[in-house]
Amino acid sequence: MLSYLFFRFMIVLFSVIPFRVLYLLSDFIYFLLYRIFKYRYKVIQGNLVKCFPEKSAAEIEVLVKSAYRNFCDILLEGIKGMGMDEHDIARRFKVINPEFLQTYFDAGKDVILCASHYANWEWGISLGAQFSHYVKVTYKPIKNQHINNH
């Protein structure tokens with residue numbers, strides 16, 4: 001229950017923080033995780049070496065830094081997004097060529113969209129604001145039931 005209350009507090013706090021400040025905070029967290037704590041550094045570096053064996057150590061390090069920056073941005077955007085309504089999110093999470101699906105909707109067909117865990121895919125909740133049709137989302141529940149149920 002304490003973790004849920006902390007989580008809700010963070011959502012409220014982040015909902016009032018402007019994005020410019022959010023990204024400054026993200027840069028600070030990046031510095032802590034990458035430079036100070038080396039959070040999961042060997043895992044990240046090892047995975048990149050396996051995926052890109054042709055890259056030099058310097059090129060891999062650039063990718064490692066990018067991975068840390070991306071992780072920090074996504075983490076903070078995800079928390080902020082929980083305090084935003086779907087119309088605010090839709091201004092930042094845009095569906096390109098939504099009219100493509102209209103042909104199927106007009107024919108009375110159902111459409112299934114699948115997304116990978118890339119960028120801030122959680123902002124996909126804004127799809128309801130971007131389509132005039134019913135949107136249903138399927139996801140894997142998280143372990144903390146207090147957070148999952150709210």
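The values are calculated or read from the model by the stated rules, or taken from the named source; none is laboratory data. Note that the coordinates shown come from a computational prediction; the quantities given were computed from them, not determined experimentally. Positions of Cβ are backbone-derived with ideal geometry, glycine not excepted, and every protein chain shown enters the neighbour counts. The protein model used for the area step is the full one, side chains on, heavy atoms only, and it has no ligands, DNA or RNA in it. Shrake-Rupley method; radii C 1.70, N 1.55, O 1.52, S 1.80 Å.
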Among the residues of the range 35-71, the number that are more than 20 Å from residue 118 (Cβ to Cβ) and among the β-branched types (Val, Ile, Thr) is 3
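What residue, of 76, 127, is among the hydrophobic types (A, V, I, L, M, F, W, C), more than 19 Å from residue 15 (Cβ to Cβ), under 15 Å from the mean Cα position of the chain (by Cα) and surrounded by 17 or more Cβ atoms within 10 Å (Cβ to Cβ)? Spell out the reasoning first.
Details: 76 fails: more than 19 Å from residue 15 (Cβ to Cβ).
After applying the criteria, what remains is 127.
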Among the residues of the range 1-35, the number that are hydrophobic (A, V, I, L, M, F, W, C), modelled with pLDDT of 95 or more and open to solvent by 90 Å² or more (accessible area, probe 1.4 Å) is 3
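So if I check each of 104, 118, which one is out of contact with any strand residue (DSSP E or B) (no Cβ under 8 Å at 6 or more places or on another chain), of a type in the set (Ser, Thr, Tyr) and surrounded by 12 or more Cβ atoms within 10 Å (Cβ to Cβ)? Give the steps one after another, and end with the answer.
Numbers: 118 fails: surrounded by 12 or more Cβ atoms within 10 Å (Cβ to Cβ).
When all the criteria are applied, what remains is 104.
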Within the range 36-69, residues closer than 24 Å to residue 25 by Cα, β-branched (Val, Ile, Thr) and surrounded by 12 or more Cβ atoms within 10 Å (Cβ to Cβ) come out as 44, 62, 64
